[in-house]
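Heads up: the structure comes next, in structure tokens.
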Amino acid sequence: MGTTAGNASTGASIEAFYANIRHELEAIEEAGLYKTERIITSPQGSVIHTADGKEVINLCANNYLGLSSHPEVLKAAHEALDSHGFGLSSVRFICGTQDLHKTLEARLAKFLGTEDTILYGSAFDANGGLFETLLGAEDAVISDELNHASIIDGIRLCKAQRYRYKHNDLDDLRAQLKAADAAGARFKLVFTDGVFSMDGTIARLDEIRAICDEFGALLGIDECHATGFLGKRGRGSHEHRGVFGKIDIITGTLGKGLGGASGGFTSARKEVVALLRQRSRPYLFSNTVAPAIVGASIKVLDLLEADTSLRDKLEDSALYFRRKIVELGFDIKPGDHPIVPIMVYDAPKAQALSKRLLELGVYVIGFFYPVVPKGQARIRVQISAVHEREQLDAALKAFETAGKELGII
């Protein structure tokens with residue numbers, strides 16, 4: 001009897017778990033916050049094909065430099081696949097380090113103005129394996145309140161004292177550093193996104209560096225939305241702000257401007273990278289970045305170091321689109337980054353705008369809580385170097401049509 005009752009109770013508990021999940025999903029959908037995945041059937045580019053066979057202008061990819069399907073990048077990936085195999089079935093310290101990995105790490109370090117670089121399976125892993133390795137309970141990490149989720153999660157894994165400063169508020173940054181000093185912090189690390197992915201805001205790294213020097217603090221930045229195209233040579237937000245070579249720790253991705261596949265990195269002083277190789281858990285316990293991705297990424301750096309034509313075109317196109325969308329009457333976040341947040345403020349309306357634009361031949365996605373704060377729903381447009389002017393004009397016309405239909409403009 002006891003066993004039967006116990007099994008019945010256990011079964012009820014399990015069913016209650018799934019019922020609770022269904023309830024949460026229904027609540028998300030009713031609030032207009034449910035995210036759906038659209039299916040594309042073509043390579044990444046300025047124009048893509050959806051599962052229904054429609055051709056649309058893609059305005060929401062992180063393909064900043066148009067390198068995701070660049071012929072020379074594809075050729076380099078094929079060559080690495082042929083010469084170094086599909087995968088290594090190993091982590092780096094066992095039998096997962098090829099000459100290609102060491103070459104890419106050295107090239108990234110030079111490109112970013114650091115001493116050494118360590119590759120990870122993703123930028124999320126790079127941030128996830130950073131703070132726990134370098135900081136102890138006697139240290140402090142001071143983080144911008146709008147930092148990326150991977151930075152937040154990475155900080156949660158470490159035992160350091162945690163301080164947050166108001167977004168891009170340098171007076172509050174100074175106050176938090178003073179609080180860390182008052183608490184007796186041994187080492188202090190200020191960490192910020194170089195570019196904030198939802199707003200396109202570029203951190204004031206020159207001023208932040210000066211404040212860090214004032215307080216004897218290290219400075220780390222996440223460069224996922226900057227590497228390859230910000231700065232006159234595309235080195236990133238630290239070049240853009242005039243502090244190239246003056247950042248202690250840089251994390252970033254191969255999955256956006258640098259080819260758009262996957263893989264991340266941390267670039268820093270040699271001793272920092274050496275310790276990460278010894279103790280960083282995502283590095284020690286995750287498979288090596290695939291050879292084809294590494295070979296293609298080396299070719300990406302070849303292209304970017306040869307000339308700046310791609311980042312120059314991207315800069316010009318971003319400024320053009322920003323000017324024209326404002327002239328139509330849309331409210332956007334100010335700036336000059338290729339991320340152009342078109343503010344709608346209402347989640348269901350952002351969903352409706354996204355849906356109507358797709359019908360008009362423009363592929364964009366609505367962003368809303370919890371990706372952005374409540375009441376800050378938006379369409380995040382991302383310009384690419386492969387967008388031609390006529391494509392941007394066609395997209396602007398679609399925005400005008402949809403915006404008027406929905407009462408946004």
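What to note about this one:
- Per-peptide average of other Cβ atoms within 10 Å, ordering 374-383, 14-23, 171-180 highest first: 374-383, 171-180, 14-23
- Between the residues 104, 168, 93, the greatest Cα displacement towards the positive end of the dipole of the chain, with unit charges on the Cβ of Lys, Arg, Asp and Glu, is found for 93.
- Accessible carbon and sulfur surface of segment 71-306 relative to its total accessible area, %, 1.4 Å: 51
- Point-charge dipole on Cβ atoms (K/R +1, D/E -1) for segment 254-384, about Cα centre, debye to 20: 560
- A 1.4 Å probe run over the protein chains yields, for the chain, 45 Å² of accessible area per residue, whole-number rounding.
- Zone residues, segment 159-202, relative to residue 343, backbone N less than 19 Å from point 7 Å out along Cα-to-Cβ: 166-169, 196-202
- Cα→Cβ-extended label distance, 7 Å offset, between residue 115 and residue 328, nm: 5.0
- Coarse-grained scattering of segment 152-285 at q = 0.15 Å⁻¹, given as base-10 log I(q)/I(0) from a Debye sum over alpha-carbon atoms: -0.78
- For segment 164-314, the dipole from Cβ point charges (+1 on Lys and Arg, -1 on Asp and Glu) about the Cα centre works out to 400 debye, to the nearest 20.
- Debye log10 I(q)/I(0) at q = 0.10, 0.12 Å⁻¹ for segment 24-149, Cα point scatterers: -0.60, -0.85
- Estimated from the Cβ-Cβ distance and a Förster radius of 35 angstrom, the FRET efficiency linking residue 17 and residue 281 is about 0.75.
- 20 °C / 1.002 mPa s Stokes-Einstein diffusion coefficient of segment 71-306, Kirkwood radius on C-alpha pairs, µm²/s: 120
- Along the axis of the charge dipole computed for the chain (Cβ charges of +1 for Lys and Arg, -1 for Asp and Glu, origin at the Cα centre), the listed residues 65, 364, 392 are led at the positive end by 65.
- Taking Cα centre as origin and charging only the Cβ of basic (Lys, Arg, +1) and acidic (Asp, Glu, -1) residues, the dipole magnitude of the chain rounds to 320 debye.
- Modelled spin-label separation between residue 29 and residue 369, with each label point placed 7 Å from Cα along the Cα-to-Cβ direction: 2.1 nm.
The values are calculated or read from the model by the stated rules, or taken from the named source; none is laboratory data. Keep in mind the model is a prediction, meaning the values are calculated, not measured. Quick reminder, even Gly has a Cβ in these numbers, built from the backbone with ideal geometry, and neighbours come from all protein chains shown. Just so you know, the surface numbers come from the protein's heavy atoms only, side chains and all, with ligands and any DNA or RNA stripped out. Shrake-Rupley method; radii C 1.70, N 1.55, O 1.52, S 1.80 Å.
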